[in-house]
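K.L.:
Let me give you the structure first, and then I'll get to my questions.
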Amino acid sequence: MLTRTIKRSVLEQLWASPLPPIFLLPLRASITTVSHTTSAPAIPEALTNSATQPSDSQTASPRVSQQPDVSSYQPISHSSLESIPKLPTPTSHDPSTPTTPLSDSIRELLPLLRAQSPHYITAHIHARPYLVTQGDTLRLPFLMRDVSPGDVLRLNRASLLGSRDYTLRAAAPAPVAMPVHHSPLRAKGGTLPNLAERGGYLDERLFVCRAVVMGTEAEPMRVMEKTKRRQRHVKTVRSKLRFTVLKIKEVRVRSLEEIESGEEE
Amino acid sequence: MPLQALRTVARSQNGVGAFILQCKRLDFHYCDWAGSSKGMNSFLQSHLPAFAASNPQIEITVSPRPRKHPVIKGTYINGREKAVCVRNMEVKEILAKAELLRDANGEKLRKAKKPVKSANESVRGIWDPFHGANWSI
């Protein structure tokens with residue numbers, strides 16, 4: 001009898017741990033770094049009948065106006081340690097930001113896409129696509145000039161923007177009229193219009209994608225041995241490339257009010 | 001609801017909120033006597049104050065290392081260390097090495113195949129033949 005009471009008291013002490021009762025513990029355990037709350041109205045119809053109408057779930061963006069593709073990123077600020085709630089506007093913004101009114105399908109479906117997080121985006125840097133989500137590390141295949149760690153870049157070229165059930169896809173780029181006997185590699189002097197001029201990107205008012213420059217990475221030294229025939233001399237060529245590392249700070253779909261009011265971020 | 005793994009400790013995502021430079025300390029070692037420290041000694045006198053002032057996030061220490069070659073050592077927030085021997089180098093070369101150590105992240109150099117590294121779950125989920133659209137053949 002006595003042993004049983006002692007046992008019970010010990011057990012009670014064990015169970016009186018700092019943890020809250022079991023029904024208060026989180027029901028859903030997850031490793032992800034982003035919360036997966038779906039506040040969109042239940043499951044959209046696009047998912048259930050996407051086989052019959054595949055074009056319904058994908059809204060076409062309005063035509064992006066003709067812009068020179070000077071660069072796909074714009075340095076914004078050199079914020080090091082201070083956390084700014086709202087980042088300042090880009091210093092050099094394209095003067096030809098599209099001002100065309102939004103199409104009806106965007107007006108109808110963009111709020112649904114915005115309501116469902118998390119989002120992914122296919123951002124283009126120097127015309128190469130990178131599918132990223134918030135918090136991803138992006139090691140560019142080149143060393144970016146004139147940036148230092150802590151700089152924030154605004155990635156304004158994207159071809160896809162989506163959530164679990166919705167995808168906003170850029171309009172198909174206008175076809176290029178090319179002479180048959182010329183391969184595109186041999187065309188010189190930039191005669192081909194690039195993707196931005198052909199309208200192959202999303203309207204940059206619809207989303208905000210920011211990346212922080214984390215630093216520079218390098219690859220291990222490459223050693224290549226060059227030999228010639230019938231000669232004992234071996235030339236060793238060494239090279240070591242360096243790459244800029246970005247961290248995706250923010251991927252956000254802007255609301256219709258933000259877009260209509262014309263405010264820039 | 002699919003089976004989920006247990007909740008783990010939140011990972012740090014440097015740069016998503018605040019940004020912290022990954023190099024936290026640079027140690028400059030020199031020798032007063034040796035000729036290989038000539039460039040290093042003039043770097044310490046001429047360039048280091050400006051370098052330290054332009055990088056206030058980094059703790060900078062200068063210490064002698066007699067009868068040895070001059071070395072710059074970087075300590076990183078991932079706990080690793082990176083050391084560069086700067087013997088017989090000019091001032092400009094030493095500055096370039098210091099900037100290399102400042103921009104590095106302390107990881108071992110390795111060849112990366114994929115440009116994007118992600119800790120997030122797939123946004124669109126894994127394809128499942130029993131859900132979604134019903135294809136009629």
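K.L.:
At a cut-off of 50 Å², which residues of the stretch B:4-19 become less accessible once all protein chains are present than in their chain alone, using a 1.4 Å probe?
P.N.:
With the partner chains in place, the stretch B:4-19 has these residues losing at least 50 Å²: B:GLN4, B:ARG7, B:GLN13, B:VAL16, B:PHE19.
K.L.:
Report the normalised scattering of the stretch B:1-43 as log10 I(q)/I(0) at q = 0.14, 0.22, 0.23 Å⁻¹, calculated by the Debye formula with identical scatterers on the alpha carbons.
P.N.:
Normalising to I(0) and taking log10 leaves -0.64, -0.84, -0.87.
K.L.:
Using a 7 Å offset from the Cα along the Cα-to-Cβ direction at both A:THR100 and B:SER12, what is the distance between the two label points in nm, to one decimal?
P.N.:
The modelled label-to-label distance comes out at 4.6 nm.
K.L.:
Charges only on Cβ, +1 for Lys and Arg, -1 for Asp and Glu: so what's the dipole of the stretch B:31-103 about the Cα centre, in debye to the nearest 20?
P.N.:
280
K.L.:
Test of understanding: extend the Cα→C-beta vector of B:LYS108 to 7 Å, then name every residue of the stretch A:217-256 with backbone N under 14 Å from that spot.
P.N.:
The answer is A:220-221, whose backbone nitrogens lie closer than 14 Å to the label point.
K.L.:
Let me ask something else about it. Given that compact globular proteins tend to follow 2.2 N^0.38 Å, what is the ratio of the alpha-carbon Rg of the stretch B:1-123 to that value?
P.N.:
Taking the Cα Rg and dividing by 2.2 N^0.38 Å, one obtains 1.40.
K.L.:
A further question follows. Would you jot down the residues in the stretch B:114-137 that end up with at least 40 Å² less accessible area in the complete protein assembly than in the chain alone, with a 1.4 Å probe?
P.N.:
Residues meeting the cut-off: B:PRO115, B:VAL116, B:LYS117, B:ASN120, B:GLU121, B:VAL123, B:ARG124, B:ALA133.
K.L.:
Got a sec? Which residues in the stretch B:5-40 would a label at B:GLU93 touch, if it sits 7 Å along Cα→Cβ and we count backbone N under 19 Å?
P.N.:
Within reach of a label on B:GLU93: B:28-40.
K.L.:
In terms of solvent-accessible area of protein heavy atoms at a 1.4 angstrom probe, what is the ranking of B:ILE94, B:ILE60, highest value first?
P.N.:
Order by accessible area, largest first: B:ILE60, B:ILE94.
K.L.:
Shifting gears a bit: How big a patch of accessible area, both sides summed and in Å² to the nearest 100, lies buried between B and A at a 1.4 Å probe?
P.N.:
For B against A, buried area totals roughly 3900 Å².
K.L.:
How big is D for the stretch B:31-103, in µm² s⁻¹ as a whole number, if Stokes-Einstein is applied with the Kirkwood radius of its Cα pairs at 25 °C and 0.890 mPa s?
P.N.:
For these conditions, the coefficient is 194 µm²/s.
K.L.:
With springs connecting C-alpha atoms under 10 Å apart, model chain B as a Gaussian network and identify which of B:GLY125, B:GLY79, B:GLY17 has the largest mean-square fluctuation.
P.N.:
Looking only at B:GLY125, B:GLY79, B:GLY17, the largest GNM fluctuation is found for B:GLY125.
K.L.:
Nearest 10 degrees is fine. How inclined is helix B:91-103 to the longest principal axis of chain B, computing both from alpha carbons?
P.N.:
Compared with the principal axis, the helix lies near 30 degrees.
K.L.:
Can you spot the aspartates and glutamates whose alpha carbon is less than 16 Å from B:LYS73's alpha carbon? Ignore those fewer than 8 places along the same chain.
P.N.:
Candidates past the 8-residue exclusion: B:ASP27, B:GLU59, B:GLU81, B:GLU93, B:GLU99, B:ASP103, B:GLU107.
K.L.:
With heavy atoms of protein chains only and a 1.4 Å probe, what residues of the stretch A:148-175 have at least 30 Å² less accessible area in the full set of chains than alone?
P.N.:
For the stretch A:148-175, once contacts with the other chains are taken into account, A:PRO149, A:ARG164 lose 30 Å² or more.
K.L.:
Right, here's the next one. Which FRET efficiency, nearest 0.05, do A:SER239 and B:ILE137 yield, Cβ-Cβ r, R0 45 Å?
P.N.:
Between A:SER239 and B:ILE137 the formula returns 0.25.
K.L.:
Cα to Cα, under 13 Å, and not fewer than 8 places away if on the same chain: which aspartates and glutamates meet these conditions relative to A:LYS235?
P.N.:
A:GLU225
K.L.:
Please work out the C-alpha center-to-center distance from the stretch B:59-86 to the stretch A:123-146 and express it in whole Å.
P.N.:
31
K.L.:
Under 17 Å from a point 7 Å along the Cα-to-Cβ line of B:ASN78: which residues of the stretch B:102-125 have their amide N that close?
P.N.:
B:102-120
K.L.:
Of the heavy-atom accessible surface of the stretch B:1-50 (probe 1.4 angstrom), what whole percent is carbon and sulfur?
P.N.:
Carbon plus sulfur share of accessible area: 59 percent.
The values are calculated or read from the model by the stated rules, or taken from the named source; none is laboratory data. Keep in mind the model is a prediction, meaning the values are calculated, not measured. For neighbour counting, all protein chains shown are included, and Cβ atoms are generated from backbone atoms with ideal geometry for every residue, glycine included. Heavy atoms of the whole protein, side chains included, go into the accessibility calculation; ligands, DNA and RNA do not. Shrake-Rupley method; radii C 1.70, N 1.55, O 1.52, S 1.80 Å.
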